[in-house]
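The values are calculated or read from the model by the stated rules, or taken from the named source; none is laboratory data. Quick caveat: nothing in here was measured; it's all calculated off a predicted structure. Positions of Cβ are backbone-derived with ideal geometry, glycine not excepted, and every protein chain shown enters the neighbour counts. Just so you know, the surface numbers come from the protein's heavy atoms only, side chains and all, with ligands and any DNA or RNA stripped out. Shrake-Rupley method; radii C 1.70, N 1.55, O 1.52, S 1.80 Å.
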Amino acid sequence: VPDEERIVLDPWGTAHVKDYDRLMQEFGIEPLTDELVERLPFQHRLIRRRVIFGHRDLGLILKAIEEDGSYAVMTGIKPSGDYHLGAKLTSEEFIYFQSLSPKAFGFFAIADLEAYADNKIPLEESHRIALSNLTDLLALGLDPRRVYVYKQSVEIPVLRLAFIFSRAVTYNMIEAIYGPKPFGLYFSALVQAGDILNPQLPQHGGPKPTIVPVGADQDPHIRLTRDLASKYREEFGFILPSATYHRLLRDLTGQEKMSKRNPMGILYLNEPLSSARVKVMQAFTGGRATAEEQRRLGGEPEKCVVFVELLLAHFLEDDKRLEEWYWECKTGQILCGECKARAWTIIEHWLRNHQEKRNKMRDLAEKLLEEKTLSQQW
Ligand code: TRP
Ligand code: SF4
């Protein structure tokens, strides 16, 4: 492949995937086939609509579910700010895989070290942000009885794994995966490998299938971790971790990656309804230049943030209504102003409901996090 055509996935930069088939081919991600989807006990919205498009070794997890075996669900978040729609996706997937079997156990890493390395966020501040994030995670439906929550900065076994793994990684290898980066980010990648293999340590019951639901931009971390899992298989008995991948969604203004520099693009889950409404009403659409043109030609829902990101990916559960909505737009029966107002009523309802639940989860979030932190200060 010529250099300028190579797909570069930078988990700390602005990853943008034009062609998911090529991405899968180049990196060996398997497509999420109908056959696999049918084996899942129930199909989440993100799976039915193929927002989750690919996987590695999902079969190991399906087998565990079918044979009533235990497995781990692992993810992490960088506590760099309040929860927005991007974090909602990963969290919903985490909760979904946790709910598929009573033998599933969740591991949730708060990547405060990565937030420091990447965004210079002090550890005390990321603790506060993590609390807010956990409140959202609980409100989204996390089962608190089957999850282990921890912060990277005080999780000795994870840090120890990162160090152990560093023996097998040369500068050339890590540079080939991530490009030239500060060592803090390389170290964060090793810590993340530690996160992902942490569920397989003896104190958590030893080797087991582990599913890591992530955005496509995290694949470099998954590849590195699978490579390390096979290098250290003899020593630790690791099973290569499985992963599912979701598409990278645009922000509300149509930009390819959410960025704090563009606040109108980000919808926060704890955002006041008044400002959320303004953002939705100003979102990027697939509408035409004039009303006349749109009635004549129809809109372009496949290009529209309101349709793809807000309704399809996030807020409209009903498949039949989604399809009707698509055709209403496509045939010019509805114009963007009315359409957004209608979408807003659905989103408003969701946000109001979420924020009510959220308010009730504060204490529980504190408990989940505090238990760990008090005993493990510097
Ligand atoms: N790197 C992830 C992010 O930027 C956070 C993360 C840390 C993570 N550890 C993980 C994700 C383990 C999945 C699995 O959001
Ligand atoms: Fe998007 Fe709705 Fe406009 Fe169609 S009518 S382009 S779905 S905002």
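Values computed for the structure shown
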{"read-out": "Global geometry of region 1-117, whether rounded, prolate or oblate, following the gyration tensor of its Cα atoms and the 1.5 cut on a/c", "value": "oblate"}
{"read-out": "Of 103/151; 18/208; 303/360; 257/320, those spanning more than 26 Å from alpha-carbon to alpha-carbon", "value": "18/208; 303/360; 257/320"}
{"read-out": "Radius of gyration and maximum dimension Dmax of region 215-315, Cα, Å", "value": "20.0, 69"}
{"read-out": "Sparse-neighbourhood loop sites, GluC sites (Glu not before Pro) in region 250-336 - DSSP loop, at most 15 other Cβ within 10 angstrom", "value": "256, 317"}
{"read-out": "Residue-span extension gain [residue 366 to residue 335] - 0.36 nm each, minus C-alpha spacing", "value": "6.6 nm"}
{"read-out": "In Å², nearest 10: area of residue 281 left accessible to a 1.4 Å probe", "value": "60 Å²"}
{"read-out": "Cut-off of 10 Å, at most 12 other beta carbons, DSSP loop: longest stretch of the chain lacking such trypsin sites (Lys or Arg not before Pro)", "value": "262-378"}
{"read-out": "Eligible aspartates and glutamates near residue 231 by straight Cα distance, threshold 19 Å, same-chain separation 8 or greater", "value": "57, 175, 195, 219"}
{"read-out": "Length released on extending from residue 302 to residue 273, taking residue separation times 0.36 nm less the Cα-Cα span", "value": "7.8 nm"}
{"read-out": "Whole-number percent relative contact order across region 21-90, with pairs defined as alpha carbons under 8 Å at least 6 apart", "value": "24 percent"}
{"read-out": "Descending Cα extents along the principal axes, region 20-61, whole Å", "value": "30, 22, 13"}
{"read-out": "Computed over region 142-201, Kirkwood Rh from alpha-carbon pairs, angstrom", "value": "12.6 Å"}
{"read-out": "Cα radius of gyration and Dmax for region 78-221 (Å)", "value": "15.2, 43"}
{"read-out": "Reciprocal of mean inverse Cα separation for region 134-284 (Kirkwood radius, Å)", "value": "17.9 Å"}
{"read-out": "Estimated Rh, region 261-363: Kirkwood, alpha-carbon pairs, angstrom", "value": "14.4 Å"}
{"read-out": "Eligible lysines near residue 260 by straight Cα distance, threshold 18 Å, same-chain separation 8 or greater", "value": "78, 88, 120, 279"}
{"read-out": "Fraction of beta bridges assigned by DSSP in the chain that are antiparallel (%, nearest 5)", "value": "25 percent"}
{"read-out": "Sites residue 35 and residue 320 - FRET efficiency at Förster radius 25 Å, r taken between beta-carbons, to 0.05", "value": "0.55"}
{"read-out": "Computed [θ] at 222 nm, deg cm²/dmol, the chain (DSSP H ≥ 4; -39,500 (n - 2.57); rounded to nearest 500)", "value": "-15000 deg cm²/dmol"}
{"read-out": "The chain: equivalent-ellipsoid semi-axes (sqrt of 5 x gyration tensor eigenvalues, Cα, Å)", "value": "35, 23, 21"}
{"read-out": "The chain: angle of helix 362-375 to the longest principal axis, Cα-based, in degrees nearest 10", "value": "20 degrees"}
